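Below: the structure, in structure tokens.
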There are 2 protein chains.
Amino acid sequence: MNQNQVRELNAAIEAVKGYPVENVYFVACGGSKAIFDPAQYIFDRETTIPSFVYTANEFVHRCPKGLGEKSLVITCSHSGNTPETVRATALAGEKGALTISFAFKTESPLWEATKHGVSYEWGPDTDAGNHNNGMLFRVVFGVLNALQPCEKYERAIKASDSLHEVFRVNKEKFAARANAFGSTYKRAPLIYTMSSGPCYGVAYSFAICLLQEMQWVHSAAIHSGEYFHGPFEVTDYDVPFMVLKNVGPTRPLDDRAEAFVTKYSKEVTLIDCAEFDMHLIPEDLHEYFAVLVLGAVIRTYADALADHRGHPLSVRRYMWRMEY
Amino acid sequence: MNQNQVRELNAAIEAVKGYPVENVYFVACGGSKAIFDPAQYIFDRETTIPSFVYTANEFVHRCPKGLGEKSLVITCSHSGNTPETVRATALAGEKGALTISFAFKTESPLWEATKHGVSYEWGPDTDAGNHNNGMLFRVVFGVLNALQPCEKYERAIKASDSLHEVFRVNKEKFAARANAFGSTYKRAPLIYTMSSGPCYGVAYSFAICLLQEMQWVHSAAIHSGEYFHGPFEVTDYDVPFMVLKNVGPTRPLDDRAEAFVTKYSKEVTLIDCAEFDMHLIPEDLHEYFAVLVLGAVIRTYADALADHRGHPLSVRRYMWRMEY
């Protein structure tokens, strides 16, 4: 982390220490919202404090009655400029909540609206442990530790420090499979994603950001527990699914979905977090950190798909090109 | 309501009165889970008590730390026989939580596992106000009133009593449009649904139960707030969308999504809750009860689609036909 990040992080955690947190709202849009899904999962597993994930405009207009002076509201916008997220952060402040916000761009409306900005790095030449996910996990474990001493804290910070190398090793490990995925599915008009527990958010962001937004490929994220209560009826020999198996206690849900879908579809791509090289991460934290590795690895699947389709991930037809 | 229902409902509400409810978990699978979405929305709008919706197997395996002796866990299974929901109900009981469960079939494992069973009616010759949604709303407002006198309670119960007639009138009002939808989209391989706030659950259940499960048509429920942060890039002149506009405070999200999608797709079907004849429902409750009317109306769209496709809603290729 650079000195700004250290200072911002410490200030945010210090503020939480003196704060009577009764509930936690994670609020953002799209890909930034998806990274909050594992954070909420960690809260569910580590503390009795209720926590929620809302897309920003739902949060603003629904305005949950629980939002108030004992709320901690954590928001994120890469550009610091997403109007809904800026508005949500401002609303939280107006209601007396403590706000912590993540952004890549710090001289931004989000920075103005929040109490505690935490900046993250971005780009291939920076340490992935200081990107959005790494910084979020530092805040998540920092907040947990501030609320009640959390014995996982020190190890979680060390694990965050090692993310860059863990990502590198595992992206390399899956490179051939990522390329095969891109080649095999370059003409697929639709690809479903499926996962549960800490990894559902990755299934969601792959579906809505990588496939729908960046590849114009139809998709939906299916929760592997919900699969058997509706969606599985669309399964057929030629319907592509990506199954993302997590290594936490909900793994049996992913196992069951995989067993069924591989029986009735010939087009299943599996990414199993149990295959990741995680030796730099303490074993009891694999449940939480594997999702970040999955996020890095699956991105290479999108890169390969984009390459084989000749449709760069940066292309948009509406976003950045018009008012909406 | 029949005498059993009255007795069951009263017993459940009485139990809540003496209970120190600190959080509420709504737990079920598929279509039964989807009906909990508006219930959680009502809790968010009416009380500061935190509430959550989980698919049953996620709930069981994640086992949120907040689940305990001060939890109210509300579950639902039509058959009373869904293994994940039965297990979730039993787990809640083991953790000391108060459990209330809805089912059509009362002599069932769910009935054994729960503390307070509330039965609902089903079928065309029964009063829709006593079906799953109607009974759920009676419990939701009953619980809210038990926790803290809720001035909407009496009117909400009266509104529930009138649902059958409200459904009838509005299904008739939309009959021609439902038929046109079925005819127009009988050859569509994919139809997206979109909504927000109290109606997002209807978009979800139409996508996963009516389209994917009962019609084998590809689909995804898109939150209208999330639409602009990824999914909108799949919009094209020939991509079908169903936009469900709610009449609560998140309506601007649906308005914005509708304005965009109708500009770039020629295949948009709109169901606007503001068009419903709601004169039997008090105006300040439209926000909540419109979603139930929407559920009844949109079902006729599925009926029409099934009819035009010659693919009855009752057909399955996996469910009920094999072990999984």
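Against the criterion of being at pLDDT 95 or above, surrounded by 22 or more Cβ atoms within 10 Å (Cβ to Cβ), closer than 26 Å to residue A:255 by Cβ and touching a Lys or Arg at 6+ places or on another chain (Cβ under 8 Å), residue B:60 qualifies. Applying the criterion of being touching a helix residue (DSSP H, G or I) at 6+ places or on another chain (Cβ under 6 Å) and in a helix (DSSP H, G or I) to the residues of the stretch B:179-196, the residue that is farthest from residue B:236 (Cα to Cα) is B:179.
The condition (being surrounded by fewer than 17 Cβ atoms within 10 Å (Cβ to Cβ) and without any contact (Cβ under 8 Å) to a residue 60 or more places away in the chain) is satisfied by just one residue among B:79, B:108, B:101: B:79. Of all residues in the stretch B:47-98, those satisfying the criterion of being assigned to a helix (DSSP H, G or I), of a type in the set (A, V, I, L, M), more than 12 Å from chain A (Cβ to nearest Cβ) and in contact with a helix residue (DSSP H, G or I) (Cβ under 8 Å, 6 or more places away or on another chain) are B:86, B:90, B:91.
Would you say residue B:258 is more than 16 Å from the chain's Cα centre (by Cα) and either surrounded by fewer than 24 Cβ atoms within 10 Å (Cβ to Cβ) or more than 20 Å from residue A:34 (Cβ to Cβ) (or both)? Spelling it out, residue B:258 is indeed more than 16 Å from the chain's Cα centre (by Cα) and either surrounded by fewer than 24 Cβ atoms within 10 Å (Cβ to Cβ) or more than 20 Å from residue A:34 (Cβ to Cβ) (or both).
Scanning the stretch A:241-254 turns up no residue that is out of contact with any helix residue (DSSP H, G or I) (no Cβ under 8 Å at 6 or more places or on another chain) and surrounded by fewer than 24 Cβ atoms within 10 Å (Cβ to Cβ). Here residue A:44 fulfils each of the conditions (1) within 8 Å of chain B (Cβ to nearest Cβ); (2) in contact (Cβ under 8 Å) with a residue 24 or more places away in the chain apart from (2).
Conditions tested, residue by residue: (1) touching a strand residue (DSSP E or B) at 6+ places or on another chain (Cβ under 7 Å); (2) within 8 Å of another protein chain (Cβ to nearest Cβ); (3) closer than 20 Å to residue A:323 by Cα.
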{"position": "B:216", "(1), (2), (3)": "no, yes, no"}
{"position": "B:225", "(1), (2), (3)": "yes, yes, yes"}
{"position": "B:232", "(1), (2), (3)": "no, yes, yes"}
{"position": "B:242", "(1), (2), (3)": "yes, no, no"}
{"position": "B:249", "(1), (2), (3)": "no, yes, no"}
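The residues in the stretch B:16-50 that are buried (at least 24 other Cβ atoms within 10 Å of the Cβ) and among the hydroxyl-bearing types (Ser, Thr, Tyr) can be counted, and the count is 3.
Scanning the stretch B:130-145 for residues that are aromatic (Phe, Trp, Tyr) and outside any helix (DSSP H, G or I) yields nothing.
Residues in the stretch A:117-129 that are crowded, with 22+ Cβ neighbours inside 10 Å and in a loop (DSSP other than H, G, I, E, B): A:120 alone. Taking the conditions (1) within 30 Å of residue A:319 (Cα to Cα); (2) at the interface with another protein chain (Cβ under 8 Å from one of its Cβ atoms); (3) of a type in the set (Phe, Trp, Tyr) in turn, residue A:206 satisfies each one other than (2). Being surrounded by 15 or more Cβ atoms within 10 Å (Cβ to Cβ) and within 14 Å of chain B (Cβ to nearest Cβ) holds for only one residue in A:324, A:301, A:288, and it is A:288. Screening the candidates B:28, B:39 for the property of being out of contact with any Pro (no Cβ under 6 Å at 6 or more places or on another chain), more than 7 Å from chain A (Cβ to nearest Cβ) and under 22 Å from residue A:65 (Cβ atoms) yields one hit, B:39.
With respect to the conditions (1) farther than 21 Å from residue B:61 by Cβ; (2) among the acidic types (Asp, Glu); (3) in contact (Cβ under 8 Å) with a residue 60 or more places away in the chain; (4) out of contact with any Pro (no Cβ under 9 Å at 6 or more places or on another chain), residue A:275 falls short on a single one, namely (1). The combined condition, being over 23 Å from residue A:50 (Cβ atoms) and within 14 Å of another protein chain (Cβ to nearest Cβ), is not fulfilled by residue B:126.
The rows are residues; the columns are (1) crowded, with 23+ Cβ neighbours inside 10 Å; (2) at pLDDT 95 or above; (3) at negative phi; (4) touching a Gly at 6+ places or on another chain (Cβ under 6 Å).
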{"site": "B:175", "(1), (2), (3), (4)": "no, yes, yes, no"}
{"site": "B:179", "(1), (2), (3), (4)": "no, yes, yes, no"}
{"site": "B:189", "(1), (2), (3), (4)": "no, yes, yes, no"}
{"site": "B:198", "(1), (2), (3), (4)": "yes, yes, yes, yes"}
{"site": "B:203", "(1), (2), (3), (4)": "yes, yes, yes, no"}
{"site": "B:208", "(1), (2), (3), (4)": "yes, yes, yes, yes"}
{"site": "B:219", "(1), (2), (3), (4)": "yes, yes, yes, no"}
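The values are calculated or read from the model by the stated rules, or taken from the named source; none is laboratory data. Bear in mind the structure is a predicted one, so any value in this text is a computation, not a measurement. With ideal geometry, Cβ positions are generated from the backbone for all residues, glycine too; neighbour counts draw on all protein chains shown.
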